[in-house]
Amino acid sequence: MIVAEQKKLEEIVEMLKGDFKTLLISGCGTCVTVSLSGGEREVEAMAGLLNMHFSQAGRQVKIETNTIKRHCDFEFIDEAEEEFKNADLILSMACGVGVQHLVERFPEKVVVPALNTSFYGATTAIGEWQERCLGCGDCVLDKYGGVCPVARCSKSLLNGPCGGSQEGYCEVDPETDCGWELIFKRLQSINMLENVMEYDEPKNWQTFRDGGPRKMRNKEYGNG
Amino acid sequence: MGEYLSLLEKRLDKGQFVVCSEMGPPIGAGLKTIKNKSAALLGYVDGVNVTDNQTAIVRMSSIAAAYMAKQEGLEMIIQVTTRDRNRIGLQSDILGASALGLHNALCLTGDHQCFGMDTGAKNVFDLDSVQLIKVVNDMVTKGVLLSGKEMKAPPYMFIGGAANPFADPFEMQMIKMEKKVKAGARFFQTQAIYNVDRFVEWMKEVRKRDLHKKAYILAGILPARSIKALKMMKEDIAGMDVPDELIERMEKAEDPEEEGVKVAVEIIDRVKKVEGVRGIHLMPVGWEKITPTIVEKAGFYPRPEVD
(Lines give C-alpha, C1' and ligand atoms only; values in the text may rest on other atoms or scores of the structure.)
Protein backbone atom coordinates (compact mmCIF):
# COMPACT_ATOMS: atom_id res chain seq x y z
CA MET A 1 0.00 0.00 0.00
CA ILE A 2 0.91 3.64 -0.17
CA VAL A 3 2.02 4.72 3.28
CA ALA A 4 1.52 8.35 4.29
CA GLU A 5 1.78 10.46 7.40
CA GLN A 6 0.00 13.58 8.46
CA LYS A 7 1.71 16.90 8.12
CA LYS A 8 2.15 18.93 11.27
CA LEU A 9 -0.92 20.94 12.16
CA GLU A 10 1.01 24.23 11.88
CA GLU A 11 1.89 23.42 8.28
CA ILE A 12 -1.72 22.54 7.47
CA VAL A 13 -3.03 25.70 9.13
CA GLU A 14 -0.57 27.72 7.05
CA MET A 15 -2.24 26.33 3.90
CA LEU A 16 -5.66 27.36 5.18
CA LYS A 17 -4.96 31.06 5.60
CA GLY A 18 -6.93 32.23 2.59
CA ASP A 19 -10.43 33.63 2.59
CA PHE A 20 -12.97 30.81 2.39
CA LYS A 21 -16.19 29.89 4.13
CA THR A 22 -16.54 26.16 3.54
CA LEU A 23 -13.75 23.70 3.98
CA LEU A 24 -14.13 20.08 2.96
CA ILE A 25 -11.78 17.62 4.60
CA SER A 26 -11.75 14.57 2.37
CA GLY A 27 -10.31 11.23 3.42
CA CYS A 28 -9.57 8.12 1.41
CA GLY A 29 -10.80 4.66 2.32
CA THR A 30 -7.93 2.64 0.90
CA CYS A 31 -4.17 2.83 1.58
CA VAL A 32 -4.09 5.82 3.90
CA THR A 33 -6.91 4.35 5.97
CA VAL A 34 -4.74 1.29 6.57
CA SER A 35 -1.68 3.42 7.31
CA LEU A 36 -3.81 5.35 9.84
CA SER A 37 -3.18 8.74 8.32
CA GLY A 38 -6.11 9.74 6.13
CA GLY A 39 -9.11 7.51 6.79
CA GLU A 40 -12.47 8.40 8.30
CA ARG A 41 -11.15 8.39 11.87
CA GLU A 42 -8.30 10.79 11.02
CA VAL A 43 -10.64 13.03 9.00
CA GLU A 44 -12.95 13.46 11.97
CA ALA A 45 -10.02 14.13 14.30
CA MET A 46 -8.68 16.72 11.87
CA ALA A 47 -12.11 18.38 11.70
CA GLY A 48 -12.10 18.68 15.48
CA LEU A 49 -8.64 20.23 15.56
CA LEU A 50 -9.37 22.67 12.77
CA ASN A 51 -12.71 23.67 14.30
CA MET A 52 -10.84 24.57 17.44
CA HIS A 53 -8.21 26.44 15.46
CA PHE A 54 -10.71 28.48 13.47
CA SER A 55 -12.77 29.38 16.50
CA GLN A 56 -9.63 30.45 18.39
CA ALA A 57 -8.62 32.53 15.38
CA GLY A 58 -12.07 34.09 15.32
CA ARG A 59 -12.80 32.77 11.84
CA GLN A 60 -16.19 31.62 10.59
CA VAL A 61 -15.42 28.45 8.64
CA LYS A 62 -17.89 25.67 8.03
CA ILE A 63 -16.11 22.36 8.04
CA GLU A 64 -17.55 19.42 6.09
CA THR A 65 -16.05 15.96 5.93
CA ASN A 66 -16.27 12.93 3.72
CA THR A 67 -14.24 9.78 3.21
CA ILE A 68 -14.63 8.16 -0.15
CA LYS A 69 -13.53 4.69 -1.13
CA ARG A 70 -10.67 5.71 -3.41
CA HIS A 71 -9.41 9.09 -4.53
CA CYS A 72 -7.55 7.53 -7.44
CA ASP A 73 -10.72 6.58 -9.34
CA PHE A 74 -13.14 9.18 -10.70
CA GLU A 75 -15.91 6.63 -10.18
CA PHE A 76 -15.69 7.08 -6.41
CA ILE A 77 -14.98 10.79 -6.54
CA ASP A 78 -18.13 11.30 -8.58
CA GLU A 79 -20.28 9.60 -5.96
CA ALA A 80 -19.55 12.60 -3.74
CA GLU A 81 -19.51 15.18 -6.55
CA GLU A 82 -21.85 17.64 -4.82
CA GLU A 83 -19.81 17.66 -1.62
CA PHE A 84 -16.66 18.52 -3.52
CA LYS A 85 -18.42 21.15 -5.61
CA ASN A 86 -19.91 22.87 -2.56
CA ALA A 87 -16.56 23.39 -0.88
CA ASP A 88 -14.58 26.62 -1.22
CA LEU A 89 -11.39 24.79 -0.33
CA ILE A 90 -10.57 21.09 -0.09
CA LEU A 91 -8.10 19.66 2.37
CA SER A 92 -7.23 16.25 0.97
CA MET A 93 -6.28 13.49 3.35
CA ALA A 94 -5.52 11.16 0.47
CA CYS A 95 -2.06 10.47 -0.95
CA GLY A 96 -0.44 12.76 -3.51
CA VAL A 97 -2.14 10.83 -6.29
CA GLY A 98 -5.48 11.58 -4.72
CA VAL A 99 -4.78 15.30 -4.38
CA GLN A 100 -3.90 15.59 -8.05
CA HIS A 101 -6.79 13.44 -9.17
CA LEU A 102 -9.21 15.74 -7.38
CA VAL A 103 -7.62 18.75 -9.06
CA GLU A 104 -8.05 17.06 -12.42
CA ARG A 105 -11.71 16.27 -11.70
CA PHE A 106 -12.51 19.72 -10.27
CA PRO A 107 -10.11 22.15 -11.97
CA GLU A 108 -11.94 25.14 -10.50
CA LYS A 109 -11.18 24.01 -6.92
CA VAL A 110 -8.10 24.54 -4.81
CA VAL A 111 -7.01 21.30 -3.15
CA VAL A 112 -4.27 21.25 -0.50
CA PRO A 113 -2.58 18.18 1.01
CA ALA A 114 -2.84 17.21 4.67
CA LEU A 115 -0.49 14.26 4.23
CA ASN A 116 3.05 13.58 3.19
CA THR A 117 2.97 10.57 0.89
CA SER A 118 5.87 8.48 2.10
CA PHE A 119 6.43 5.14 0.39
CA TYR A 120 5.07 1.78 -0.75
CA GLY A 121 5.20 -0.38 2.30
CA ALA A 122 3.80 -3.12 4.44
CA THR A 123 2.51 -3.13 8.01
CA THR A 124 5.35 -4.48 10.14
CA ALA A 125 3.80 -3.94 13.59
CA ILE A 126 0.72 -2.17 14.90
CA GLY A 127 1.14 1.42 13.79
CA GLU A 128 4.42 0.70 11.99
CA TRP A 129 5.13 0.45 8.30
CA GLN A 130 8.27 -0.22 6.31
CA GLU A 131 9.24 0.40 2.73
CA ARG A 132 9.43 -2.67 0.55
CA CYS A 133 9.23 -1.48 -3.05
CA LEU A 134 10.45 1.53 -5.00
CA GLY A 135 8.29 0.91 -8.05
CA CYS A 136 11.33 0.71 -10.34
CA GLY A 137 9.25 -0.84 -13.08
CA ASP A 138 11.53 -3.83 -13.68
CA CYS A 139 11.15 -6.35 -10.89
CA VAL A 140 14.22 -8.37 -9.93
CA LEU A 141 12.86 -10.13 -6.85
CA ASP A 142 13.28 -13.57 -8.43
CA LYS A 143 17.04 -13.16 -8.46
CA TYR A 144 17.38 -11.85 -4.92
CA GLY A 145 15.23 -14.42 -3.20
CA GLY A 146 12.29 -12.07 -2.74
CA VAL A 147 14.22 -9.28 -0.97
CA CYS A 148 14.65 -6.17 -3.08
CA PRO A 149 18.14 -4.59 -3.25
CA VAL A 150 16.74 -1.52 -4.99
CA ALA A 151 14.35 -0.73 -2.14
CA ARG A 152 16.02 -2.35 0.86
CA CYS A 153 19.64 -1.24 0.33
CA SER A 154 20.11 2.48 1.08
CA LYS A 155 22.30 2.73 -2.01
CA SER A 156 20.28 0.34 -4.22
CA LEU A 157 23.42 -1.73 -4.78
CA LEU A 158 22.97 -4.72 -7.08
CA ASN A 159 26.29 -6.53 -6.65
CA GLY A 160 26.55 -6.85 -2.90
CA PRO A 161 26.78 -4.90 0.35
CA CYS A 162 28.86 -1.76 0.80
CA GLY A 163 31.56 -1.54 3.45
CA GLY A 164 29.17 0.14 5.84
CA SER A 165 27.18 -2.99 6.65
CA GLN A 166 27.82 -4.08 10.23
CA GLU A 167 26.20 -6.80 12.28
CA GLY A 168 23.18 -6.79 10.05
CA TYR A 169 22.56 -3.07 10.06
CA CYS A 170 22.92 -0.26 7.56
CA GLU A 171 25.45 2.55 7.86
CA VAL A 172 22.66 5.06 7.38
CA ASP A 173 20.76 4.09 10.52
CA PRO A 174 21.63 1.52 13.19
CA GLU A 175 17.98 0.51 13.33
CA THR A 176 17.66 -0.16 9.61
CA ASP A 177 18.41 -3.67 8.44
CA CYS A 178 21.16 -3.97 5.85
CA GLY A 179 19.27 -5.03 2.74
CA TRP A 180 22.19 -7.15 1.62
CA GLU A 181 22.36 -8.99 4.92
CA LEU A 182 18.71 -9.89 4.38
CA ILE A 183 19.34 -10.94 0.78
CA PHE A 184 22.39 -12.98 1.74
CA LYS A 185 20.65 -14.84 4.55
CA ARG A 186 17.57 -15.45 2.48
CA LEU A 187 19.50 -16.81 -0.52
CA GLN A 188 21.59 -18.97 1.78
CA SER A 189 18.50 -20.43 3.41
CA ILE A 190 16.97 -21.44 0.09
CA ASN A 191 20.31 -22.60 -1.39
CA MET A 192 20.26 -19.98 -4.09
CA LEU A 193 23.40 -18.02 -3.24
CA GLU A 194 24.72 -18.71 -6.72
CA ASN A 195 22.16 -16.15 -7.91
CA VAL A 196 24.43 -13.35 -6.70
CA MET A 197 27.81 -14.88 -7.54
CA GLU A 198 27.98 -13.38 -11.00
CA TYR A 199 28.26 -9.77 -12.10
CA ASP A 200 25.02 -7.88 -12.26
CA GLU A 201 24.74 -5.38 -15.11
CA PRO A 202 23.89 -1.73 -14.50
CA LYS A 203 20.15 -1.39 -14.18
CA ASN A 204 18.07 0.16 -16.89
CA TRP A 205 16.39 2.97 -14.96
CA GLN A 206 14.18 3.96 -17.88
CA THR A 207 11.27 2.11 -16.32
CA PHE A 208 11.79 4.11 -13.12
CA ARG A 209 11.36 7.87 -12.81
CA ASP A 210 14.22 8.36 -15.21
CA GLY A 211 12.03 7.72 -18.23
CA GLY A 212 9.88 10.70 -17.24
CA PRO A 213 6.41 10.49 -15.65
CA ARG A 214 5.15 6.99 -16.23
CA LYS A 215 1.93 5.75 -17.73
CA MET A 216 0.58 2.34 -18.52
CA ARG A 217 -2.19 1.02 -20.67
CA ASN A 218 -3.74 -2.41 -20.49
CA LYS A 219 -4.44 -3.28 -24.11
CA GLU A 220 -7.31 -5.61 -23.24
CA TYR A 221 -9.23 -2.90 -21.42
CA GLY A 222 -7.79 0.40 -22.51
CA ASN A 223 -8.70 2.20 -25.69
CA GLY A 224 -5.14 2.21 -27.01
CA MET B 1 52.41 -3.53 -21.81
CA GLY B 2 55.29 -1.42 -22.99
CA GLU B 3 55.55 1.90 -21.27
CA TYR B 4 53.73 2.17 -17.98
CA LEU B 5 51.36 5.10 -17.66
CA SER B 6 50.84 4.35 -13.99
CA LEU B 7 53.97 4.35 -11.88
CA LEU B 8 52.05 2.73 -9.07
CA GLU B 9 51.20 -0.16 -11.35
CA LYS B 10 54.81 -0.36 -12.47
CA ARG B 11 56.10 -0.58 -8.90
CA LEU B 12 53.60 -3.28 -8.03
CA ASP B 13 54.24 -5.26 -11.20
CA LYS B 14 57.98 -5.11 -10.48
CA GLY B 15 57.38 -6.60 -7.09
CA GLN B 16 57.93 -3.55 -4.91
CA PHE B 17 56.10 -3.27 -1.60
CA VAL B 18 54.31 0.06 -2.06
CA VAL B 19 53.40 2.85 0.30
CA CYS B 20 50.37 4.97 -0.52
CA SER B 21 48.79 7.76 1.40
CA GLU B 22 45.83 10.04 1.21
CA MET B 23 45.15 13.72 0.70
CA GLY B 24 41.88 15.39 1.52
CA PRO B 25 41.30 18.26 -0.90
CA PRO B 26 40.47 21.65 0.60
CA ILE B 27 37.00 23.01 1.24
CA GLY B 28 37.75 25.93 -1.02
CA ALA B 29 39.38 26.74 -4.31
CA GLY B 30 42.85 27.52 -3.03
CA LEU B 31 45.94 26.02 -4.61
CA LYS B 32 48.23 26.63 -1.68
CA THR B 33 46.96 23.82 0.54
CA ILE B 34 47.54 21.28 -2.19
CA LYS B 35 51.01 22.61 -2.94
CA ASN B 36 51.98 22.46 0.73
CA LYS B 37 50.52 19.00 1.25
CA SER B 38 52.24 17.76 -1.89
CA ALA B 39 55.63 19.12 -0.91
CA ALA B 40 55.39 17.35 2.45
CA LEU B 41 54.68 13.99 0.82
CA LEU B 42 57.14 14.14 -2.06
CA GLY B 43 59.60 11.26 -1.90
CA TYR B 44 57.82 9.52 0.96
CA VAL B 45 55.01 7.75 -0.84
CA ASP B 46 54.45 5.93 -4.13
CA GLY B 47 50.91 7.08 -4.68
CA VAL B 48 48.51 9.53 -3.11
CA ASN B 49 44.75 9.14 -3.11
CA VAL B 50 42.63 12.23 -3.36
CA THR B 51 39.29 11.62 -1.77
CA ASP B 52 36.07 12.30 -3.67
CA ASN B 53 33.93 14.40 -1.35
CA GLN B 54 34.73 12.04 1.49
CA THR B 55 32.01 11.52 4.08
CA ALA B 56 29.78 13.41 1.67
CA ILE B 57 31.27 16.80 2.50
CA VAL B 58 31.83 19.16 -0.43
CA ARG B 59 35.50 19.61 -1.25
CA MET B 60 37.52 20.47 -4.32
CA SER B 61 37.03 17.77 -6.96
CA SER B 62 39.34 14.79 -6.68
CA ILE B 63 40.49 15.09 -10.28
CA ALA B 64 41.27 18.80 -10.09
CA ALA B 65 43.18 18.43 -6.82
CA ALA B 66 44.99 15.31 -8.07
CA TYR B 67 46.03 17.11 -11.23
CA MET B 68 47.53 19.97 -9.26
CA ALA B 69 49.34 17.60 -6.91
CA LYS B 70 50.69 15.73 -9.91
CA GLN B 71 52.25 18.97 -11.12
CA GLU B 72 54.17 18.97 -7.85
CA GLY B 73 55.67 15.61 -8.75
CA LEU B 74 53.43 13.09 -6.99
CA GLU B 75 51.92 9.92 -8.41
CA MET B 76 48.22 10.39 -7.89
CA ILE B 77 45.23 8.10 -7.41
CA ILE B 78 41.86 9.67 -8.06
CA GLN B 79 38.88 8.42 -6.10
CA VAL B 80 35.62 8.05 -7.93
CA THR B 81 32.36 7.43 -6.11
CA THR B 82 28.99 6.56 -7.56
CA ARG B 83 27.12 8.63 -4.99
CA ASP B 84 27.24 11.95 -6.83
CA ARG B 85 27.46 11.09 -10.51
CA ASN B 86 25.59 8.80 -12.85
CA ARG B 87 27.15 6.68 -15.59
CA ILE B 88 27.34 9.70 -17.89
CA GLY B 89 29.23 11.87 -15.40
CA LEU B 90 31.48 9.04 -14.22
CA GLN B 91 32.66 8.04 -17.68
CA SER B 92 33.16 11.66 -18.64
CA ASP B 93 35.34 12.18 -15.57
CA ILE B 94 37.42 9.10 -16.34
CA LEU B 95 38.12 10.44 -19.83
CA GLY B 96 39.06 13.83 -18.42
CA ALA B 97 41.30 12.39 -15.72
CA SER B 98 43.15 10.17 -18.15
CA ALA B 99 43.64 13.07 -20.56
CA LEU B 100 45.18 15.05 -17.67
CA GLY B 101 47.67 12.26 -17.07
CA LEU B 102 45.96 10.77 -14.04
CA HIS B 103 46.07 7.00 -14.50
CA ASN B 104 45.10 5.45 -11.17
CA ALA B 105 41.48 5.29 -10.11
CA LEU B 106 40.00 3.92 -6.92
CA CYS B 107 36.38 3.09 -7.73
CA LEU B 108 34.01 3.31 -4.79
CA THR B 109 30.35 3.39 -3.91
CA GLY B 110 30.85 6.32 -1.53
CA ASP B 111 29.62 7.17 1.95
CA HIS B 112 25.93 7.87 2.17
CA GLN B 113 25.14 11.60 2.10
CA CYS B 114 23.66 11.34 5.60
CA PHE B 115 27.23 11.51 6.99
CA GLY B 116 27.91 14.93 5.49
CA MET B 117 26.55 18.42 5.69
CA ASP B 118 24.15 18.15 2.76
CA THR B 119 21.87 15.57 4.27
CA GLY B 120 19.02 16.80 2.07
CA ALA B 121 20.92 15.95 -1.11
CA LYS B 122 19.55 13.48 -3.63
CA ASN B 123 21.98 10.64 -4.14
CA VAL B 124 22.68 8.96 -7.45
CA PHE B 125 23.98 5.40 -7.09
CA ASP B 126 23.15 4.75 -10.75
CA LEU B 127 26.03 2.26 -10.75
CA ASP B 128 27.53 0.34 -7.85
CA SER B 129 31.27 0.03 -7.31
CA VAL B 130 31.51 -3.33 -9.12
CA GLN B 131 29.71 -1.92 -12.12
CA LEU B 132 31.92 1.19 -12.08
CA ILE B 133 35.04 -1.00 -12.10
CA LYS B 134 33.67 -2.98 -15.04
CA VAL B 135 32.70 0.16 -16.93
CA VAL B 136 36.16 1.71 -16.47
CA ASN B 137 37.84 -1.56 -17.34
CA ASP B 138 35.84 -1.85 -20.55
CA MET B 139 36.76 1.72 -21.42
CA VAL B 140 40.42 0.89 -20.93
CA THR B 141 40.70 -2.63 -22.34
CA LYS B 142 38.01 -2.61 -25.02
CA GLY B 143 37.92 1.08 -25.81
CA VAL B 144 34.15 1.18 -25.43
CA LEU B 145 31.78 3.19 -23.32
CA LEU B 146 28.95 1.52 -21.43
CA SER B 147 26.59 2.49 -24.24
CA GLY B 148 28.73 0.46 -26.67
CA LYS B 149 30.12 3.58 -28.32
CA GLU B 150 33.73 3.05 -29.40
CA MET B 151 36.42 5.60 -28.64
CA LYS B 152 39.29 6.53 -30.92
CA ALA B 153 41.46 7.40 -27.97
CA PRO B 154 40.49 5.24 -24.98
CA PRO B 155 41.58 6.28 -21.49
CA TYR B 156 44.09 4.40 -19.37
CA MET B 157 43.45 3.64 -15.73
CA PHE B 158 45.09 1.31 -13.23
CA ILE B 159 41.88 0.33 -11.49
CA GLY B 160 41.45 -0.20 -7.79
CA GLY B 161 38.65 -0.99 -5.41
CA ALA B 162 38.01 -0.90 -1.70
CA ALA B 163 37.69 -3.92 0.55
CA ASN B 164 36.53 -3.90 4.14
CA PRO B 165 37.75 -6.87 6.20
CA PHE B 166 35.48 -5.78 9.04
CA ALA B 167 32.17 -5.42 7.26
CA ASP B 168 29.32 -7.89 7.22
CA PRO B 169 28.05 -10.27 5.99
CA PHE B 170 31.55 -11.70 5.66
CA GLU B 171 30.94 -14.20 2.88
CA MET B 172 28.88 -11.79 0.81
CA GLN B 173 31.63 -9.17 1.16
CA MET B 174 34.07 -11.78 -0.18
CA ILE B 175 31.78 -12.57 -3.08
CA LYS B 176 31.66 -8.87 -3.87
CA MET B 177 35.44 -8.57 -3.72
CA GLU B 178 35.71 -11.49 -6.09
CA LYS B 179 33.28 -9.75 -8.43
CA LYS B 180 35.44 -6.63 -8.32
CA VAL B 181 38.48 -8.67 -9.35
CA LYS B 182 36.57 -10.26 -12.21
CA ALA B 183 35.28 -6.85 -13.23
CA GLY B 184 38.84 -5.54 -13.56
CA ALA B 185 40.10 -4.33 -10.17
CA ARG B 186 43.89 -4.66 -10.11
CA PHE B 187 44.50 -3.37 -6.61
CA PHE B 188 42.61 -3.04 -3.36
CA GLN B 189 42.95 -0.59 -0.52
CA THR B 190 41.40 -1.91 2.66
CA GLN B 191 39.46 -0.20 5.40
CA ALA B 192 41.64 0.97 8.29
CA ILE B 193 43.02 -1.93 10.29
CA TYR B 194 43.14 -1.79 14.08
CA ASN B 195 42.09 -5.36 14.72
CA VAL B 196 45.06 -7.13 13.15
CA ASP B 197 43.90 -10.62 14.14
CA ARG B 198 40.69 -10.13 12.24
CA PHE B 199 42.61 -8.78 9.26
CA VAL B 200 44.86 -11.87 9.31
CA GLU B 201 41.76 -14.09 9.24
CA TRP B 202 40.36 -12.07 6.37
CA MET B 203 43.58 -12.41 4.39
CA LYS B 204 43.36 -16.19 4.84
CA GLU B 205 40.03 -16.08 3.05
CA VAL B 206 41.49 -13.77 0.39
CA ARG B 207 44.27 -16.27 -0.23
CA LYS B 208 41.86 -19.21 -0.22
CA ARG B 209 40.11 -17.55 -3.11
CA ASP B 210 43.42 -16.64 -4.81
CA LEU B 211 42.42 -12.99 -4.86
CA HIS B 212 45.90 -11.90 -3.73
CA LYS B 213 47.29 -13.40 -6.94
CA LYS B 214 44.83 -11.54 -9.12
CA ALA B 215 45.01 -8.13 -7.44
CA TYR B 216 47.43 -6.27 -5.21
CA ILE B 217 46.25 -5.88 -1.63
CA LEU B 218 47.26 -2.67 0.15
CA ALA B 219 46.52 -2.70 3.86
CA GLY B 220 44.77 0.42 5.18
CA ILE B 221 46.37 2.19 8.15
CA LEU B 222 44.76 5.12 9.90
CA PRO B 223 47.06 6.72 12.48
CA ALA B 224 44.97 8.20 15.27
CA ARG B 225 46.32 11.24 17.08
CA SER B 226 43.96 11.25 20.04
CA ILE B 227 41.65 9.15 22.11
CA LYS B 228 38.81 11.29 20.82
CA ALA B 229 39.62 10.45 17.20
CA LEU B 230 39.80 6.77 18.01
CA LYS B 231 36.49 6.77 19.86
CA MET B 232 34.84 8.66 17.05
CA MET B 233 36.01 6.05 14.58
CA LYS B 234 34.69 3.28 16.76
CA GLU B 235 31.31 4.89 17.20
CA ASP B 236 30.61 7.07 14.21
CA ILE B 237 32.45 5.72 11.20
CA ALA B 238 30.78 2.98 9.22
CA GLY B 239 32.58 -0.32 8.97
CA MET B 240 35.35 0.19 11.53
CA ASP B 241 36.59 -2.28 14.15
CA VAL B 242 38.48 -0.51 16.94
CA PRO B 243 39.30 -2.95 19.79
CA ASP B 244 38.72 -1.74 23.36
CA GLU B 245 42.32 -2.66 24.33
CA LEU B 246 43.57 -0.08 21.86
CA ILE B 247 41.34 2.61 23.31
CA GLU B 248 42.59 1.72 26.81
CA ARG B 249 46.18 1.88 25.60
CA MET B 250 45.64 5.32 24.11
CA GLU B 251 43.92 6.46 27.28
CA LYS B 252 46.95 5.50 29.34
CA ALA B 253 49.40 7.14 26.97
CA GLU B 254 51.21 10.24 28.20
CA ASP B 255 51.62 11.60 24.69
CA PRO B 256 48.70 10.38 22.57
CA GLU B 257 50.26 11.56 19.30
CA GLU B 258 53.47 9.67 19.98
CA GLU B 259 51.43 6.63 20.97
CA GLY B 260 49.32 6.98 17.81
CA VAL B 261 52.45 6.82 15.68
CA LYS B 262 53.71 3.83 17.67
CA VAL B 263 50.44 1.98 17.24
CA ALA B 264 50.39 2.67 13.49
CA VAL B 265 53.96 1.45 13.07
CA GLU B 266 53.23 -1.69 15.10
CA ILE B 267 50.21 -2.45 12.93
CA ILE B 268 52.27 -1.87 9.79
CA ASP B 269 54.99 -4.22 11.08
CA ARG B 270 52.42 -6.95 11.56
CA VAL B 271 50.37 -6.54 8.39
CA LYS B 272 53.34 -6.21 6.05
CA LYS B 273 54.37 -9.74 6.94
CA VAL B 274 50.99 -11.21 6.07
CA GLU B 275 51.22 -13.26 2.90
CA GLY B 276 49.51 -11.48 0.03
CA VAL B 277 49.85 -7.94 1.39
CA ARG B 278 51.65 -5.92 -1.27
CA GLY B 279 51.68 -2.52 0.29
CA ILE B 280 50.15 -0.19 2.80
CA HIS B 281 47.76 2.67 2.39
CA LEU B 282 48.06 5.43 5.00
CA MET B 283 45.01 7.55 5.58
CA PRO B 284 45.69 9.86 8.51
CA VAL B 285 42.43 11.79 8.31
CA GLY B 286 42.96 15.23 9.83
CA TRP B 287 46.64 14.43 10.54
CA GLU B 288 48.18 14.17 7.10
CA LYS B 289 51.41 15.82 8.17
CA ILE B 290 52.31 12.73 10.18
CA THR B 291 52.66 10.61 7.01
CA PRO B 292 56.43 11.15 6.48
CA THR B 293 57.14 10.36 10.15
CA ILE B 294 55.28 7.08 9.95
CA VAL B 295 56.87 6.15 6.63
CA GLU B 296 60.30 6.72 8.16
CA LYS B 297 59.57 4.96 11.44
CA ALA B 298 58.13 1.99 9.59
CA GLY B 299 61.39 1.73 7.67
CA PHE B 300 59.96 2.57 4.27
CA TYR B 301 62.10 5.66 3.67
CA PRO B 302 63.66 6.35 1.25
CA ARG B 303 61.40 4.92 -1.39
CA PRO B 304 63.13 2.78 -4.02
CA GLU B 305 63.51 3.93 -7.60
CA VAL B 306 60.83 2.77 -10.01
CA ASP B 307 63.15 0.94 -12.37
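The values are calculated or read from the model by the stated rules, or taken from the named source; none is laboratory data. The model shown is predicted, which means the values in this text are computed figures rather than measured ones. Backbone-built Cβ (ideal geometry, glycine too); neighbour counts: all protein chains shown.
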Report every pair of residues separated by at least 6 positions or lying on different chains whose Cβ atoms are under 8 Å apart, first residue within region A:158-173 and more than 7 Å from chain B (Cβ to nearest Cβ), second modelled with pLDDT under 95 and part of a strand (DSSP E or B).
A:Tyr169/A:Glu175
All-but-one check, A:Phe208 against (1) surrounded by fewer than 21 Cβ atoms within 10 Å (Cβ to Cβ); (2) within 8 Å of another protein chain (Cβ to nearest Cβ); (3) touching a Cys at 6+ places or on another chain (Cβ under 6 Å), failing number (2)
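Yes or no, residue by residue, for (1) modelled with pLDDT under 95; (2) loosely packed, with under 11 Cβ neighbours inside 10 Å; (3) within 11 Å of chain B (Cβ to nearest Cβ); (4) assigned to a loop (DSSP other than H, G, I, E, B):
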site	(1), (2), (3), (4)
A:Ile183	no, no, yes, no
A:Leu187	no, no, yes, no
A:Glu194	no, yes, yes, no
A:Tyr199	no, no, yes, yes
A:Lys203	no, no, yes, yes
A:Lys215	yes, yes, no, yes
A:Lys219	yes, yes, no, yes
A:Gly222	yes, yes, no, yes
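Given the criterion within 17 Å of the chain's Cα centre (by Cα) and assigned to a loop (DSSP other than H, G, I, E, B), identify the matching residue among B:Val285, B:Val242.
Going through B:Val285, B:Val242 in turn, just one is within 17 Å of the chain's Cα centre (by Cα) and assigned to a loop (DSSP other than H, G, I, E, B): B:Val285.
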Please list, ordered by first then second residue, the pairs with beta carbon atoms under 7 Å, 6 or more apart or interchain, first in region B:273-296 and at pLDDT 95 or above and surrounded by 23 or more Cβ atoms within 10 Å (Cβ to Cβ), second part of a helix (DSSP H, G or I) and among the small types (Gly, Ala, Ser).
B:Ile294/B:Ala264
In the set B:Val58, B:Val80, B:Val50, the lone residue that is in contact (Cβ under 8 Å) with a residue 40 or more places away in the chain and within 19 Å of B:Val136 (Cα to Cα) is B:Val80
Only residues that are more than 7 Å from chain A (Cβ to nearest Cβ), surrounded by 21 or more Cβ atoms within 10 Å (Cβ to Cβ) and free of Cβ contacts under 8 Å to residues at least 40 places away in the same chain: list them for region B:166-177, please.
B:Met177
Restricting region B:179-202 to residues that are farther than 29 Å from B:Lys231 by Cβ and at the interface with chain A (Cβ under 10 Å from one of its Cβ atoms), the residue that is nearest to the chain's Cα centre (by Cα)
B:Lys180
With the condition kept exactly as written, say whether any residue in region B:216-237 is farther than 30 Å from B:Asp255 by Cα and crowded, with 22+ Cβ neighbours inside 10 Å.
yes
Would you pick out the residues in region A:3-29 that are closer than 23 Å to A:Phe106 by Cα and free of Cβ contacts under 8 Å to residues at least 60 places away in the same chain?
A:Val13, A:Glu14, A:Lys17, A:Asp19, A:Gly29
Filtering region B:148-178 down to residues that are closer than 30 Å to A:Leu193 by Cα and aromatic (Phe, Trp, Tyr), which residue is nearest to the chain's Cα centre (by Cα)?
B:Phe166
Identity of the residue in region A:55-71, in a loop (DSSP other than H, G, I, E, B) and in contact (Cβ under 8 Å) with a residue 40 or more places away in the chain, that ends up farthest from A:Leu102 (Cα to Cα)
A:Val61
Note on A:Ile77: of the conditions (1) outside any helix (DSSP H, G or I); (2) among the β-branched types (Val, Ile, Thr); (3) within 19 Å of A:Pro107 (Cβ to Cβ), unmet is (1)
Can B:Ala39 be described as more than 18 Å from the chain's Cα centre (by Cα), part of a helix (DSSP H, G or I) and farther than 21 Å from B:Ile133 by Cβ?
yes
Of all the residues that make up region B:115-129, how many are of a type outside the set (S, T, N, Q) and either surrounded by fewer than 12 Cβ atoms within 10 Å (Cβ to Cβ) or over 16 Å from B:Arg85 (Cα atoms) (or both)?
5
Subset of region B:108-127 that is acidic (Asp, Glu) and farther than 17 Å from A:Lys203 by Cβ - its residue that is modelled with the lowest pLDDT:
B:Asp111
